[in-house]
Structure formats: C-alpha cells, structure tokens
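**Q** Input: one structure, supplied below.
Every read-out reported here was derived from the displayed coordinates using simple, explicitly stated rules and does not represent laboratory data. Bear in mind the structure is a predicted one, so any value in this text is a computation, not a measurement. A quick note on method: Cβ atoms are made from the backbone with ideal geometry, for glycine too, and the neighbour counts reach across all protein chains shown.
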Amino acid sequence: MSIFQLLLPAFVASLILTGIHAYLGVHVVERGVIFVDLSLAQIAALGSTVAYLLGHDLHSTAAYLYSLGFTFLGAAIFALSRVHRKTRIPQEAVIGIVYAVSAAVAILVMSKATQETEHLKEMLVGNILSVTWPELAKTAVLYALVGVFHYIFRKRFLLISMDEQEAERQGLNIRFWDFLFYVSFGFVVTSSVAIAGVLLVFCFLIVPSVTAMLFASRLGTRLAIGWTMGALVSAAGVGLSFVMDLPTGAAIVGTFGLALLLLAGVRKAFFKPIAA
Amino acid sequence: MKRTLPILLAFAALASFGSAAEAKLRVVTSLQDLASIAQAVGGDRVETFALAKGYQDPHFVDAKPSFVLQLSRADLLIVAGLELEIGYLPPLIDQSRNDKVHPGNPGYLDASVGANILQRPTTQVTRAMGDVHPYGNPHYWTDPANGRVVARAIAARLTQLDAAGAAAYQKNLAAFEARLTQKQAEWQAKMAPYAGTKVVTFHDSWPNFAKAFKLVIVGHVEPKPGIPPSPTHTLETINLIQTQKVPVILVEPYFDRKTPDYIAGKSGAAVVILYPSVGGTPAIKDYFSLFDTDIDAFLAAMKGKK
C-alpha cells in the first residue's frame, strides 16, 4: 500500500465534508449559532451512549438510530428555544446548555455502565485517516440528499437565516422550518463527526464561510469562495500532514487557521472594505 | 478419638467466629488485579476495594467522592506504582487525611517493588520522548510471574500489619501460588504453539504479556495515547503487518476500534481485544480468569487466521 492510497480517501472525505459544511456554515454564521454543531454532536454521542447501555453495539445501525433520535430532540430544543429577540436570552446560551448537559449526562451514564464504555470518550475525536470508501459513498449520498432538500427549500431557509423579520412578516412558520433546518443539520453532523471528529467538522463549517464573508456578500460568490478555499486548504493540510509527519485531522485544522490569517491580511492590504 | 473430634470442631467454630467478629483489615488498591490478589492472600481477614475498575484506562481515572471515603478508612493502600496512578491518586491520598496510607508508611505498598519491570529507561527521560514512563512499563501484572511476586509482597505486608493472621496469610499465599503454578503450566501449554508470533499492539501496554508468552511485539498503532497516528506512521504499520505477516493487532478494550479496524482491514490482520485488567468484562472475576480470557481470545483469533 502506498501513501497515496492511504491519503486519497482522507482527501476525498475533506472534499465531501467541505461541500456540505461550507454551505451550512453560511446559515450557521448568519444565524449566529456558531457552536450548534458541537452541541448536536454531543447530544448525538449521548444517544450512542444510551444505545450502548441498552446492549447495542457502538457502530451498529441501532446505535446510529439512537444518536439520530437524540439529534432530533436537540433540533426540537433549538427550534423551540428560538425567542425572536423578545427575551434577552441568546440562542447561543441554549446551545451551550445543551452541550454541557448532554456531555455531563453521557459521563454519568458511562460511570454507571459496567464495562468498556471508556472509548465513548473518543467518539468525538474521529480519525479521518481511517475512513473507508464504502463509508465515504454512504456519506456522499446522505449529504447529496440533504443538499437537494436544502436546494428545494432554499428560499425559505435563506430568508430565515438572513432576514428573520422579513420571514416573519411573510407569515412563515419559523419554528417548523427551524426544526427542519436543525434536523437536516443533525443528519450531516452525526455522520461527519463520526468520520472526522468535532474539531475538523467545526473547522469545515466555520472557516470557509467566514473567509468568504471577508471578500463577498452575495451568497453565490460566498459559496464559490468557501468551496474553493475548502478544497485547496484540505489538500494542503493533507499534504502537510504527510510531509511533516503530523496527525492529519489536526494538521488540516491548523492549515485552515493559517489560510484564514493569510487571507485576512491580503484583504486588509489589497481590498477596500465591502459594504456589509 | 471419638470425643476429641467434636471438641476440635467446636474450637474451630469458636475460632472462626472470633475472627469474623474482629474488624477486617481494609485494603484499598488502585487496580482490580491487585484487589484480586490481595483478596486471595488476605482471605476472610481482609476486605478489598479497587479504585480503578478493570474496564477503565488505569492512567485516567475520574475520582469519585467514594474514593476519598475508602482511602480515609483504609488500613493498607496497594498501588501498581511506576507513576501509573500519578494522574489521580496523590491528591486523593492527601484529601483522605489518613496518615497510614501515605507513601513511606507501612500502610502504603508499591506492588512494583521486586517485580520484573521492563523498559526501564537507561538514559535520562525528557518530555521530548513523549508518553514514556520514567520508571519502566507499569503494566507488569500482565506477566503471571509478576503476579506471584506481588502476592508474596502483599502477604508479607499483611503479616506486618496484622501479625495475628500470619499463619492464615501464609496458607492463603501457598494456595494462591500452587494454583498459579498449575495455571501457568496450562497457559504456557496453550500458548506454546504460537511462540514467536509477531504482534502489533495499540499502545505499549503488553511487553510483559508478550515476554511471558513469547510473543514478539513489532509495532504500535498509536505511539502516543490520545494523538491520532500520522499518515506515515499508519502506512508504516500497515506495511509492517504485511511484510512481517503479523496475524493480530492487540487492542485494549477502552480505545475506539476505528483506527485498529481500519488498519486490520487494509492489512489482513485480525483485531483482538485483550483485557489488561481484572474486571475488564464481568467474566474476568479474578487474576486467573484474566489470563484465561485473554489467552482464549488470542487463540480464537489465531485459529481464525489458519
């Protein structure tokens, strides 16, 4: 086996992850719910823990369904806790609470389990090098479905993300559409965290979208910038991890950070400030 | 003669009643393995409590309030030593406010003293070497010969703390050693056909087990715990398994199987979950069934390879 055969699935995985996350990242950044992926990932992990306690294998379909069910619960909480700026409680507070409580409950559940639950701790770490082609194919199909779903209802999702008041004025059922948004988001995050770990997923979600916001305000342009950056930087990160003999996931995240820093400098030096 | 027997029995009953009414020696251990051996040697004169359960990674144990309570009432604390417990135990000993179990006092027993410790660094240990145990590999109890050393050390210390039980401890130790001798022969016989088998392990937890049963460890999946291996290292591991025809990867139960399963899938080796401690599964009730279970798991995987 050559290094190319080993790195290719990891690189393709980063491309697939960039594809969906750079898009969802636009919504997440616009809504100001930056840590929603960590929160959903944690509640999904709690679902797997419960499935494990009930006697299901950790990587079985049943465990996946449990983690998905818990993710839906999280989606419902986020949709219902949306407070329309009527109270001063920010959405991010609810997200933080869900994260902390589900992480703590997972620890409590594990401490009462009678055997080998220790590796549940590692569920959120993920090793992008150990992704397999069948796993990638499944993930790609799932993301494509979510992508199509979002494409069909793009006007509604985007309106709610970008201009909530206008959406309200048009009489959209915001809670319902929010629920659908977080459910689809949960679908994506549950599988991507299993592949790449929380750190890398967070990076794919936020960094391309933020970088694009530095240079453009139109959605199409932002997506194009985000995808291009995601693909190039992932390739650079995977390459760097090989050349410098570093853990691949962390190397990609580091490269994303570096790229954002460089591009922010470039923008400051050569571009006029864009109108928000 | 006919009369003496009932009288003797009555005395024996009285004696056993007397000893049961006495307070038992409270023995706290860091590992269930040490608790199992201490229980075997101490018999009904001691009660044991293990802090780390066998299914937990013994390096990282979440302290619970009950730990401090147990330590505060303990007469004897037995640790694996070699800094295995350094991450959680020292503050607990302080909090327990129990002078008896402080290092240096008779109520503190470092079970590694006298055991055959492998990988003692011969040069100065620095942080640059990563997660190296500066006093040698702390997983020494995975060699049954070291279990014998530990049992003797525990018997000696129990005798020192509880002179009245000297005879009982000697008798229990003799029984434990006799059983161990018999089991060692049985285990060696089972493993003999596989002497010299090359294995890859997830972490460096198995040098004593490998030495005891003549396995050759040729590599590790994740050289530094918690840090995913780099692509180059992963590739080296896969190629190593293929070129050296390594049949099995030994994995501790508390690590995620994703990476070892992936390497196994690419290289054709089989993943074997090997339990490093008593209590790793409910089936591993004592020090003997630890080896029974691990050796059977190894044999089952090797049979599958043929």
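**Q** Could you calculate the FRET efficiency of residue B:192 with residue A:59 from 1/(1 + (r/R0)^6), where r is the beta carbon distance between them and R0 is 60 Å, rounded to 0.05?
**A** The formula returns an efficiency of 0.95 here.
**Q** Then there is this: As a test of understanding, state the convex hull volume per residue of the protein assembly as shown from its alpha carbons, in Å³.
**A** 201 Å³
**Q** Over all alpha-carbon pairs in the stretch B:12-185, figure out the percentage whose distance exceeds 21 Å.
**A** Value for the stretch B:12-185: 50 percent of Cα pairs lie more than 21 Å apart.
**Q** Right, next: Order these by the 10 Å Cβ neighbour count, fewest first: A:205, A:145.
**A** Details: A:205 30, A:145 12.
Final ranking by Cβ density, sparse to dense: A:145, A:205.
**Q** Please name which of B:38, B:27, B:93 has its Cα lying farthest along the dipole of chain B towards the positive end, using unit charges on Cβ (Lys, Arg +1; Asp, Glu -1) and the Cα centre as origin.
**A** B:38
**Q** How far apart, in nm, are two points set 7 Å out from the Cα along the Cα-to-Cβ line at residue A:15 and at residue A:267?
**A** 2.7 nm
**Q** Give me a single rounded figure for B:252-261: the average over its residues of other chain Cβ atoms within 10 Å of their Cβ.
**A** 6
**Q** Looking at the stretch A:172-229, I'd like the Rg to Rh ratio, where Rg is from alpha-carbon atoms and Rh is Kirkwood's inverse mean 1/r.
**A** Radius of gyration over Kirkwood radius for the stretch A:172-229 works out to 1.06.
**Q** Using the 10 angstrom Cβ neighbour count as an exposure proxy, how do B:183, A:268, B:258 rank, fewest first?
**A** Listing B:183, A:268, B:258 from fewest to most nearby Cβ atoms yields A:268, B:183, B:258.
**Q** Next up: Just to be sure I understand the curve: with the Debye formula and one point per C-alpha of the stretch B:186-304, what is log10 I(q)/I(0) at q = 0.17, 0.21, 0.22, 0.23 Å⁻¹?
**A** So the normalised log intensities work out to -0.82, -1.22, -1.33, -1.43.
**Q** In debye, nearest 20, what is the charge dipole magnitude of the protein assembly as shown about its Cα centre with +1 on Lys and Arg Cβ and -1 on Asp and Glu Cβ, if you could check?
**A** 540 debye
**Q** Here is a follow-up. With +1 on each Lys and Arg Cβ and -1 on each Asp and Glu Cβ, how big is the dipole of chain B about its Cα centre, in debye rounded to the nearest 20? If you can, show how the numbers build up before the last one.
**A** Details: 31 positive and 27 negative charges, 168 e Å.
With Lys and Arg at +1 and Asp and Glu at -1, about 800 debye.
**Q** Could you work out the relative contact order of the stretch B:12-185? I mean the mean sequence separation of Cα pairs under 8 Å and 6+ apart, divided by the number of residues, in percent.
**A** Taking the mean separation of contacting Cα pairs over the length of the stretch B:12-185, I get 22 percent.
**Q** Separate question: Would you mind checking the pairs B:224/B:258; A:112/B:64; B:214/B:303; B:24/B:183; A:112/B:285; B:211/B:266 and listing those with alpha carbons more than 20 angstrom apart?
**A** Listed pairs above 20 Å: B:24/B:183; B:211/B:266.
**Q** Residue B:102 to residue B:152: FRET efficiency via 1/(1 + (r/R0)^6), r the Cβ-Cβ distance, R0 35 Å, to the nearest 0.05? Don't skip to the answer; put the middle values down first.
**A** Working: r = 23 Å, r/R0 = 0.67.
For R0 = 35 Å, the calculated efficiency reads 0.90.
**Q** Only Lys, Arg, Asp and Glu count, each charged at its Cβ (+1, +1, -1, -1), so figure out the dipole size of chain A about its Cα centre, rounded to 20 debye.
**A** Rounded to the nearest 20 debye, it is 1000 debye.
**Q** Taking every residue in B:280-291, how many Cβ atoms of other protein chains lie within 10 Å of its Cβ, on average?
**A** Per residue, the number of nearby Cβ atoms from other chains is 1 on average.
**Q** If each residue's Cβ is checked for other Cβ atoms within 10 Å, how do B:122, B:243, B:142, A:255 rank with the fewest at the top? Don't jump to the answer; show the numbers that get you there.
**A** Working: B:122 6, B:243 10, B:142 25, A:255 22.
Least to most surrounded, the residues fall as B:122, B:243, A:255, B:142.
**Q** While we're here: Towards the positive end of the charge dipole of the protein assembly as shown, with charges on Cβ (+1 Lys, Arg; -1 Asp, Glu), say which of B:290, A:148, B:122 has the farthest Cα.
**A** Working it through, the farthest residue towards the positive pole turns out to be A:148.
**Q** Hey, what did chain A get for relative contact order, percent, Cα under 8 Å, at least 6 apart?
**A** 29 percent
**Q** Relative to 2.2 N^0.38 Å, what does the C-alpha radius of gyration of chain A come to as a ratio? Two decimals please.
**A** 1.02
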